[in-house]
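The values are calculated or read from the model by the stated rules, or taken from the named source; none is laboratory data. These figures come from a predicted structure and were not determined experimentally. Cβ sites come from the backbone with ideal geometry, for glycine too, and all protein chains shown count toward neighbours. Remember, those area values only see protein heavy atoms, side chains included, never the ligands or the DNA or RNA. Shrake-Rupley method; radii C 1.70, N 1.55, O 1.52, S 1.80 Å.
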Amino acid sequence: MKAVDFNPKFRDKVAELLKSYDFSNCLNCGMCTAGCPYTDLVESFDPRKFIRKVLLGMEEAAYADPYMWFCNMCEHCTVECPMNVNIAALVKSIRSMWDKDKIAGRLQELDKERTASDNLPSTGLVALVDVNKCAACLTCVRLCPVEAPQIHNGAAVIDPVLCKGCGICAGECPNKAITVLGYYELMLKNMDSLIAGWSI
């Protein structure tokens, strides 16, 4: 790591965008990472490391961090933060600073990396329920931050419009009845299921 990797002005630019939020009081405690539903599912998905890069002024490293592009704003990191750092707002602000002409190319590049690594699809994620495994236990209904799951005809169904693909329901489902897929992959896999209740 060299001095040229640090840009103090980057931190100041971000702070200017976040007039209502103070991210400089981050303790680097890792509670945000513990609360992030993707941390155990996606390699190198770490909000703690991302905010550290921003605080140190590591502009290029922050833009290159997959977390900035894959974060779905579920705000579990913010809820867990003992210092009330609004990481979702931080991510949104930094995204707005990125050269708009480069965004599509960067997302496609990350998509190829994620596909090659055999991890979860990288963009447009949505949860899908296997009704043959679902016990209608209400776990997903209770835990979903956007209230996407509902019980219908004895099984959970997840509204693909509301679903942010955060993976909380899939990780907590006791019967492993929920899978997180790419939205377009879901449509290609079972278009009829989207029309007839969003479940298979």
From the list ASP22, ASP40, pick out the single residue that is modelled with pLDDT under 85, in a loop (DSSP other than H, G, I, E, B) and over 28 Å from VAL180 (Cβ atoms). ASP22
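Take the residues in segment 43-59 that are at pLDDT below 85 and either open to solvent by 40 Å² or more (accessible area, probe 1.4 Å) or in contact with a His (Cβ under 7 Å, 6 or more places away or on another chain) (or both), then tell me which one is nearest to LEU125 (Cα to Cα).
Of everything passing the filter in segment 43-59, GLU43 is nearest to LEU125 (Cα to Cα).
Residues that are at pLDDT below 80 and open to solvent by less than 20 Å² (accessible area, probe 1.4 Å): does segment 25-33 have at least one?
Step one: list which residues in segment 25-33 are at pLDDT below 80, which gives none.
There is no residue in segment 25-33 that is at pLDDT below 80 and open to solvent by less than 20 Å² (accessible area, probe 1.4 Å).
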Scan segment 72-88 for residues that are at pLDDT 80 or above, buried (at least 21 other Cβ atoms within 10 Å of the Cβ) and not in a helix (DSSP H, G or I) and report the count. 2
Show the residue pairs that are 6+ apart or on different chains and have beta-carbon atoms under 6 Å apart, the first residue being within segment 118-134 and on the phi < 0 side of the Ramachandran plot and part of a loop (DSSP other than H, G, I, E, B), the second being at pLDDT 80 or above and open to solvent by 30 Å² or more (accessible area, probe 1.4 Å). LYS133/ASN175
